[in-house]
Amino acid sequence: MDWRRVLRIARWEATSGAVDLDRKTVVAIAAIVVALIPVTAFLASGVSTDSGLYRAGVSQDSPYTPAITSSDVFVLGPADGEALRRGEVDLMVTDTVEARSTDKGRAALQAFRDVVRSYNARLMSRESNESAAFPVRVNLLYMERDLRAVVGGGGAADGTGPGGDGGENATSPDGEGEGGENATPSDGEGDRGALDGALGGEQTGLDTPDAIRPPFPFRSLILAFAFVVPMNFVVQVYASSIMDERIGRKGEMLLVSPASRGEIVAGKTLPYLAATVGTAAVIAAAIGGGPLSVAAMLPVALAFISFSFVAGLLARSFKELTFVMVAVSVFLTTYLFVPAVFADIHPVAAISPVTLVVQDLRGAAVPLGDYVFSTLPLYLASGVLFALGTAVYREEDLFTQKPLHGKAMDALQGQMHGRLSVAKLSVLFIPFVFATELLGIAALFALPRAWALPVLLAFVAVVEELFKSVHVYTAVSRRLFDDSRRTALTLGALSGAGFFVGEKLTLISGIVGLNVRVDLGRAVFASLETPLALLLVAPLALHVVTASISALGARRGPRGYALGLFAAILIHFAYNLSVVSLVG
Amino acid sequence: MDSRLVIASRELRSLGQEKTIVLAIAIQVFIAAFSSFLVVGLVAMYDPSTVAGPGTTLGVAGDASEELLEASDAVDVPARRYPSYRDAVDAFRRGEVDAVLDTERDGPVRVTAVAPDASLRTTRIVVQVRRVLQELERTERVERSGGLANDPLPVPEGTRSSPFFDFTYTILIPLLMFLPVFISGSIMSDSLTEEYERGTLDLLRATPASDRNIVEGKMLAYGSIAVVQAAAWIALLHLNGIAVHRPAAILVLVAALSVAVVVLGGAIALTYRDRRRSQLVYSLSVMLLFGVATAAANPFNAVARLAIGTPSTEVYLALAGYVAASAAALLAARRLLGRRGIG
């Protein structure tokens, strides 16, 4: 790859290709951004989501009158005795409080309690005798404890995890070390980033019980949004730029030049990659992170860009591109957020690079192994997507309105140089399978377990069978190798074997911690926890058999493929069900 | 009138053909499902009795252990007494207790509370700690009431109410109502810039439809699907047992906002005529628009109050304001289109 060419294309892209920012546009954008500042400040100072939600009837002599009138949560309604029964109010406040026995009434009662509490706090703050008004003062500290050893039933007796993964420090207020770990002399407050202050979880000095703010549990969601949303703007422009090449054959000029496809793609991508990493760096600095946060977000930027690259190549219209980009943003945010929620269970939390950012904000050192573990799936996925996309960066696919699956198969075909490529592709698809299954867990988590579990198992079967068979279908239906049944079976077996190897590799590297508490997650990965004797044979057999079935079906064209795939999915689903019922 | 309807139906049909609307719906469904994931998590945080699993156990130590044990008992949180802070912390590390409360009487009762860091259960545990300490505060205030000029109001007994209710009406429903609106503006902008960039606009202008009809037809199409999607969500929520009151008023609000947003998207597309700049300016402008709308007459709160069934005159006034503003924007846009055209 000639880097001078790449840089030249990058320079063109950045200056004239990216966005035609004439003066009018720049002024407009600047004006909007400037106008956003006071609006954001105004909103940040407090927008009430719950003003005027409930109706209360307050009798004239009620002691609660000043409390209710001081808050805007309640709208005043008729105060006669029957108003509650007639449903005109949700609460009747006299000397006591009576609520309607509906969901809304109960919620109104809860809101009322909060209103009374904050009124009391204000009342007490006007008292002269402080120790009578606020007789309890709290200093809330957060201390780390690693429960993996406890849950697993083994491990060190002092409760530290095997090897003290990640070098987490425990702190204590009197600053002493405990049981051989390092203790930082601070009480844990100093190493919190700026973000934590806004999200609660930090106590400065002594406070009243009312003032305890539990930490916002979804700090990782905020972090995920904080990084993804600004990146989104840059990536939108990139996707548009890629798509633009396809309109009116504008991209033909570059294609006929001496620059290779790889150089063109690299050149066009470089400025946007720099911009997204730059954005990530700015945000990281704003929240108090360091180089580790930026390094953790680099694979995220790459993943975002690679998805947008493929989206720009395949979308058939601007509308389609918009939706696909929204879907990609949502997907990436979810991927970043869901694992990080399971902060108790390090192996699961470590899947998301946001956990690295969280650790960076805390000032903890992160071993290289952890970094690789968190980021490798994203790096691999980006690489695969770029490879697939670059393969179809050519005239037949750029300037035609071929159906999506045609272009997708072109991309896969570009990667198949021999029979072993089938196995290689199966391995390379593992990060995608994994991420999709993770999303499935997130989406189905809330549903009643009774049928969420079978639905999830079916989903897993569908996803895995699809990813195992698409490239085989491409190879067989396009007759990339010879047309015999034996070849089809060989390809199927290779695909299944490759998938199995990939799965085992992830198990060995510990992606699935053996103490996964989440029932559904346990079910998904249950096939990897079967008794040792079956550990190797059964899953391998499953993958090989199912992939072969869909391969045989593929020989008969799309309908045969659909039938074969369906059969494979059924078998896989049955297997999952039996494993889950065996393991419990 | 005819040509606008023709153009609108053509736009809608192309959405169906390209299956892009399917994608839009899939995204919204996913976001709704994902919100349920969040909500279940939230419920587990604040109301541990809804979640099967170990409750929170406290470890208490120090001068006011006796009172703390009484307070925990009063709010139904199991607690264990330890002879010293160090013992309690050891138990905490071993997972025998979930939080430690160490007390010292020094005028007021000074409590050092220790909770686990960065755990999914941290919030739940801290909420329980807060409940116990609030009860302690209450009993201590009663003890010391001689020193108080005003007595605090008694906080009434709570019933088991999930924050799900609150979250559903204040956040989930407004979000579901406004997401289609955002998307509509974006595809309105896209539909115009695509005509420019692919050169199909000239073909369209060669038809009997006037310039104004073309744009209005598109606005009609994309404005109406936002309302249809919102209506579908309301129906779906009803099926799931979540009552949405005043659906008509909510749909009027959604319609008003979608008119404003498609006018914005269309205006931007007509000004810049290429996708990249239009999308960039649209994203920023729509944020500003919603920011200003929220600051002026919070539409999220309006939807929440209508949906929960506590509307008031001020909500209806705000609604009227939105309708008026959107109508004005639409009329201004039509006049401008009539004069300038889209060439």
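The values are calculated or read from the model by the stated rules, or taken from the named source; none is laboratory data. None of these values were measured; they are calculated from a predicted model. Here the Cβ positions follow ideal geometry from the backbone for every residue, glycine too, while neighbour counts run over all protein chains shown. With ligands, DNA and RNA removed, areas are computed over all heavy atoms of the protein, side chains included. Shrake-Rupley method; radii C 1.70, N 1.55, O 1.52, S 1.80 Å.
Report, as an integer, the average count of C-beta atoms from other chains found within 10 Å of each Cβ along B:291-300.
Whole-number average of other-chain Cβ neighbours for B:291-300 is 3.
Under a Cβ-Cβ cut-off of 12 Å, what is the net charge of the residues other than A:PHE573 that fall near it, where Lys and Arg count +1 and Asp and Glu count -1?
Overall, the nearby charge balance is -2.
So with the 1.4 Å probe, I'd like the accessible area per residue for the stretch B:77-203, rounded to whole Å².
Per-residue value: 38 Å².
Pop a pseudo-label 7 angstrom from the Cα along the beta-carbon direction at both B:LEU153 and B:ARG334 and give the gap in nm to one decimal.
My value for the distance between the label points is 5.1 nm.
Near the amide H of B:ARG81, under 5 Å away, which other amide H atoms are found, from residues 5 or more places off or on another chain, if H is placed in the peptide plane?
B:VAL60
Using helices alone, I'd like the mean residue ellipticity at 222 nm for chain B: each DSSP H run of four-plus residues gives -39500 (n - 2.57), total over residue count, nearest 500. Before the final figure, lay out each step's value.
Details: 13 runs with 237 residues, N = 343.
When only DSSP H runs of four or more count, the value is -23500 deg cm²/dmol.
What number, in percent, do you get for the relative contact order of the stretch A:410-499 if the mean sequence gap of Cα pairs under 8 Å and at least 6 apart is divided by its residue count?
Once divided by the residue count of the stretch A:410-499, the mean separation gives 51 percent.
What ³J(HN,Hα) values, in whole Hz, does the Karplus curve 6.51 cos²θ - 1.76 cosθ + 1.60 give for the stretch A:272-287 when θ = phi - 60°, with x put for Gly and Pro?
6, 4, 4, 5, 5, 5, x, 4, 4, 5, 4, 5, 4, 5, 5, 9
Taking square-rooted eigenvalues a ≥ b ≥ c of the alpha carbon gyration tensor, is the stretch B:204-306 rounded, prolate or oblate, where a/c under 1.5 means rounded and, failing that, a/b exceeding b/c means prolate?
The shape class here is oblate.
So, with a 1.4 angstrom probe, what is the percent of accessible area on the stretch B:264-329 that is carbon and sulfur?
74
Keeping all protein chains in place, calculate the accessible area per residue for the stretch A:210-302 (probe 1.4 angstrom), answer in Å². Don't skip to the end; give the middle numbers.
On the way: 3210 Å² over 93 residues.
The answer is 35 Å² per residue.
Per Stokes-Einstein, at 10 °C and 1.306 mPa s, what whole-number D in µm² s⁻¹ belongs to the stretch A:260-304, with the Kirkwood radius over Cα pairs as the hydrodynamic radius?
The Stokes-Einstein estimate is 143 µm²/s.
Within 10 Å of each Cβ of B:270-277, how many other protein chain Cβ atoms are there on average?
Per-residue shielding by partner chains comes out at 6.
Let me have the relative contact order for the stretch A:259-401, percent, based on Cα pairs under 8 Å that are six or more residues apart.
Reported as a whole number, the value is 29 percent.
When you look at the Cβ of every residue in B:123-131, what mean number of other chain Cβ atoms sits within 10 Å?
4
Round to the nearest 0.05 the FRET efficiency obtained for A:ALA541 and A:ASP483 when R0 = 25 Å and r is the Cβ-Cβ distance. Please list the in-between numbers first.
On the way: r = 26 Å, r/R0 = 1.06.
Given R0 = 25 Å and the Cβ-Cβ separation, E is 0.40.
Tell me the carbon and sulfur percent of the accessible area for the stretch A:1-128, rounded to whole percent, probe radius 1.4 Å.
Whole-percent figure for carbon plus sulfur exposure: 55.
Sequence-distant or interchain residues sharing an amide H contact under 5 Å with A:VAL138, placed H: which?
Placed amide hydrogens put A:ASP207, A:THR208, B:VAL111 under 5 Å from A:VAL138.
Pull out a ≥ b ≥ c, the square roots of the eigenvalues of the alpha-carbon gyration tensor of the stretch A:207-309, then state rounded if a/c is under 1.5, prolate if not and a/b is larger than b/c, and oblate in the remaining case.
Numbers: a/c = 4.50, a/b = 2.90, b/c = 1.55.
Prolate, since a/c reaches 1.5 and a/b exceeds b/c.
Please list, in order along the stretch B:90-97, the HN-Hα scalar couplings obtained from phi with the Karplus expression 6.51 cos²θ - 1.76 cosθ + 1.60 (θ = phi - 60°), rounded to whole Hz, x for Gly and Pro.
These are the phi-based 3J(HN,Hα) values: 4, 4, 4, 4, 7, x, 6, 10 Hz.
Between A:LEU505 and A:VAL33, what is the spin-label point distance in nm, taking each point 7 Å from the Cα along the Cα→C-beta axis?
Here the modelled spin labels are 4.2 nm apart.
With a Förster radius of 60 Å, plug the Cβ-Cβ distance of A:ALA567 and B:ASP2 into 1/(1 + (r/R0)^6) and report the FRET value to the nearest 0.05. Numbers along the way, then the final one.
Numbers: r = 52 Å, r/R0 = 0.87.
Working from the Cβ atoms, E equals 0.70.
Rounded to the nearest 100 Å², what is the buried accessible area between A and B, both sides summed, probe 1.4 Å?
Values: alone 29390 and 19100 Å², together 38310 Å².
Buried: approximately 10200 Å² between B and A.
Provide the descending list of Cα extents for chain B along its principal axes, expressed in whole angstroms.
90, 45, 36
Between A:LEU404 and A:LEU76, what length in nm is gained on full extension when 0.36 nm per residue of separation is reduced by their alpha carbon distance?
112.2 nm is the gain from fully extending A:LEU404 to A:LEU76.
From the backbone phi of the stretch A:22-37, what are the Karplus-calculated ³J(HN,Hα) couplings (6.51 cos²θ - 1.76 cosθ + 1.60, θ = phi - 60°) in whole Hz, Gly and Pro given as x?
Once θ is set to phi - 60°, the couplings for the stretch A:22-37 become 7, 4, 4, 5, 4, 4, 4, 4, 4, 4, 5, 4, 4, 5, 5, 4 Hz.
Given Cα pairs under 8 Å that are at least 6 residues apart, what percent is the relative contact order of chain B?
On the way: 393 pairs, mean separation 64.7, N = 343.
The normalised contact order for chain B reaches 19 percent.
Roughly how many nanometres apart are two label points built 7 Å out from the Cα toward the Cβ at B:THR207 and A:MET253?
Taking the simple label geometry, B:THR207 and A:MET253 are separated by 3.3 nm.
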